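Written out below as structure tokens is the structure these notes cover.
The values are calculated or read from the model by the stated rules, or taken from the named source; none is laboratory data. Keep in mind the model is a prediction, meaning the values are calculated, not measured. Cβ atoms come from the backbone with ideal geometry, glycine included; neighbour counts cover every protein chain shown. We work out accessible area using only protein heavy atoms, side chains counted, and drop any ligands, DNA or RNA first. Shrake-Rupley method; radii C 1.70, N 1.55, O 1.52, S 1.80 Å.
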Amino acid sequence: MVAAMLGIAVVVLGALSQSRSDVSEPAAAGSALEGAVVRDDSRVLGEPGSTDVTFVEFLDFECEACGAAFPIVEQLREDYTGDVTFVIRYFPLPGHLNAERAARAVESAARQGELEAMYARMYESQPTWGESREPKDDLFRSFAEEIGLDMEQFDADYASEEVADRVQRDVEDGRSLGVEGTPTFFVDGDLFQPETVEDFAQVLDEALAGE
């Protein structure tokens, strides 16, 4: 269970508390912004849940706090598989040279049905490329080769305006919701700001109980 992952709790919550100061309240509220949290074509990790409960993360693959939250989200996915829909939204931060490149690589892999493989590869390898001041296009391409993607298609998608626009659309949606830092979570369309690791399970349990 998530509560058993106390060994990483301090790291994660410390990082989240830093990013939380970068989250402002949405400029507007209500149905006008509901579509900005999850779009019909937003990327879903695994299979959609059988309920209407959604867990959404605006993330940056170069963000250390996102990397620290990754195992918690993976545990949540295991614990709530079949019930909750887990959605990712790209939100590369301007201070991270390779964050937008990483998002384009993940989106390009998603277009070949390999979202999860590239998503996991980015976080698992983050310590080797995060905070680098050199472009990591070749490294991300090597991940695509390792996963077994059609490289001609990957290269075309990675360099395409369509993929770049897809990433930017997520960023614009996040900004409209008041997102400025990562990771930022939403549960059923509402901003979720955890104070403890146990809060992740609690908010999902409450959401499921309200179904």
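Filtering Asp22, Asp52, Asp60 for residues that are open to solvent by 50 Å² or more (accessible area, probe 1.4 Å), modelled with pLDDT of 95 or more and not hydroxyl-bearing (Ser, Thr, Tyr) leaves a single hit, Asp52. List pairs: first residue in the range 116-127 and basic (Lys, Arg), second residue not in a helix (DSSP H, G or I) anywhere in the structure, Cβ distance under 8 angstrom, at least six positions apart or on different chains. Once the first residue is basic (Lys, Arg) and sits in the range 116-127, no partner that is not in a helix (DSSP H, G or I) comes close enough.
Taking the range 184-211 as the range and being open to solvent by 40 Å² or more (accessible area, probe 1.4 Å), in a strand (DSSP E or B) and either modelled with pLDDT under 95 or not hydrophobic (A, V, I, L, M, F, W, C) (or both) as the test, only Asp190 passes.
The set of residues from the range 78-90 being open to solvent by 10 Å² or more (accessible area, probe 1.4 Å) and either hydroxyl-bearing (Ser, Thr, Tyr) or within 20 Å of Ser160 (Cα to Cα) (or both) comprises Tyr80, Thr81, Thr85.
Take the range 153-183 and flag every residue that is over 18 Å from Ala102 (Cα atoms) and not in a helix (DSSP H, G or I).
Listed by number, the residues that qualify are Leu177, Gly178, Val179, Glu180.
Note on the range 170-211: residues that are among the small types (Gly, Ala, Ser) and closer than 20 Å to Ser50 by Cβ amount to 5. Which pairs do you get when a residue that is under 13 Å from Met118 (Cβ atoms), found in the range 141-164, comes within reach of a residue that is assigned to a loop (DSSP other than H, G, I, E, B) and open to solvent by 30 Å² or more (accessible area, probe 1.4 Å), reach meaning Cβ atoms under 6 angstrom, with the pair 6+ apart or on two chains? Once the first residue is under 13 Å from Met118 (Cβ atoms) and sits in the range 141-164, its partners that are assigned to a loop (DSSP other than H, G, I, E, B) and open to solvent by 30 Å² or more (accessible area, probe 1.4 Å) give Ile147/Glu114; Leu149/Gln112; Asp157/Arg111.
Rundown of residues vs (1) of a type in the set (Phe, Trp, Tyr); (2) within 24 Å of Ser42 (Cα to Cα); (3) open to solvent by 50 Å² or more (accessible area, probe 1.4 Å); (4) assigned to a helix (DSSP H, G or I), yes/no style:
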position: Val106; (1), (2), (3), (4): no, yes, no, yes
position: Gly113; (1), (2), (3), (4): no, yes, yes, no
position: Met122; (1), (2), (3), (4): no, yes, no, yes
position: Gln126; (1), (2), (3), (4): no, yes, no, yes
position: Phe143; (1), (2), (3), (4): yes, yes, no, yes
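State yes or no: is Ser42 of a type in the set (S, T, N, Q) and touching a strand residue (DSSP E or B) at 6+ places or on another chain (Cβ under 8 Å)? Judged against the criteria, Ser42 is a match.
All conditions but one from (1) open to solvent by 60 Å² or more (accessible area, probe 1.4 Å); (2) modelled with pLDDT under 95; (3) farther than 30 Å from Glu206 by Cα; (4) not basic (Lys, Arg) apply to Ser132; the one that does not is (1).
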